[in-house]
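One structure below.
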Amino acid sequence: MRRFFSFLCLTFLACLSNHRPAAAEGKVALFPFELVSTSLEPVHDEELARLRLLDGLLKERLAERGYVPVATDPVKDAIGRYASLTNCGGCEVAMARTLGADLAAVGWVQKVSNLILNINLKITDVATGKTVKAGSVDIRSNTDDSWRRGLRYLLKNRLFKEERAARP
């Protein structure tokens, strides 16, 4: 019994020594999620509130992975000059650079109908202007819960899929 207990203790200590906190992945400018409606239905206040919900969830999830969120408030006026950061020719990269960020994250939700939506996210390297991570996920249902689940799925199974595969 004593040997078994010693074995468990050594195994536990070995696991602890192999565990390391997530390395910093860099500073990331998290620009607010946008809503792109191609639906014939009007945009509702609840959907605009859900965009802020996604902003907070993305900030939290990226911080868990070692990214350091950079506030975009200093470039709020510049953001407002563009109808959309998804088609501004790299304006988000220039703004992220002025903020001292290494990466720029732009997300948007396309509302096809009240039942069909998709959540998109693109992360760009500020130094090179190249997209380093991007993905999209379709969701069915227009609720807080479906939007949250959709973003979690996008991050886990699209953007950070290789990290999951690399774990033992």
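The values are calculated or read from the model by the stated rules, or taken from the named source; none is laboratory data. Owing to the predicted nature of the structure, the values given are computational and were not obtained by experimental measurement. Here the Cβ positions follow ideal geometry from the backbone for every residue, glycine too, while neighbour counts run over all protein chains shown.
Residues being under 26 Å from V93 (Cβ atoms) and assigned to a strand (DSSP E or B): count how many of those fall in region 112-157.
15
Pick out the one residue from N157, N118 that is out of contact with any His (no Cβ under 8 Å at 6 or more places or on another chain), under 25 Å from V43 (Cβ atoms) and surrounded by fewer than 17 Cβ atoms within 10 Å (Cβ to Cβ).
Testing whether each residue is out of contact with any His (no Cβ under 8 Å at 6 or more places or on another chain), under 25 Å from V43 (Cβ atoms) and surrounded by fewer than 17 Cβ atoms within 10 Å (Cβ to Cβ) leaves just N118.
Report the residue count in region 121-154 for those that are without any contact (Cβ under 8 Å) to a residue 12 or more places away in the chain and surrounded by fewer than 13 Cβ atoms within 10 Å (Cβ to Cβ).
Qualifying residue count, region 121-154: 5.
What number of residues within region 38-62 are within 20 Å of K156 (Cβ to Cβ), aliphatic (A, V, I, L, M) and either surrounded by fewer than 15 Cβ atoms within 10 Å (Cβ to Cβ) or in contact with an Asp or Glu (Cβ under 9 Å, 6 or more places away or on another chain) (or both)?
Selection size over region 38-62: 2.
Has region 76-96 got at least one residue that is basic (K, R) and surrounded by 19 or more Cβ atoms within 10 Å (Cβ to Cβ)?
Checked against the condition, which is being basic (K, R) and surrounded by 19 or more Cβ atoms within 10 Å (Cβ to Cβ), region 76-96 yields no hits at all.
Can you run down the residue pairs with Cβ atoms below 7 Å, 6 or more apart or on separate chains, where the first is in region 65-94 and under 21 Å from L159 (Cβ atoms) and modelled with pLDDT under 95 and the partner is part of a helix (DSSP H, G or I) and not hydrophobic (A, V, I, L, M, F, W, C)?
Note: pairs meeting the criteria are L85/E92.
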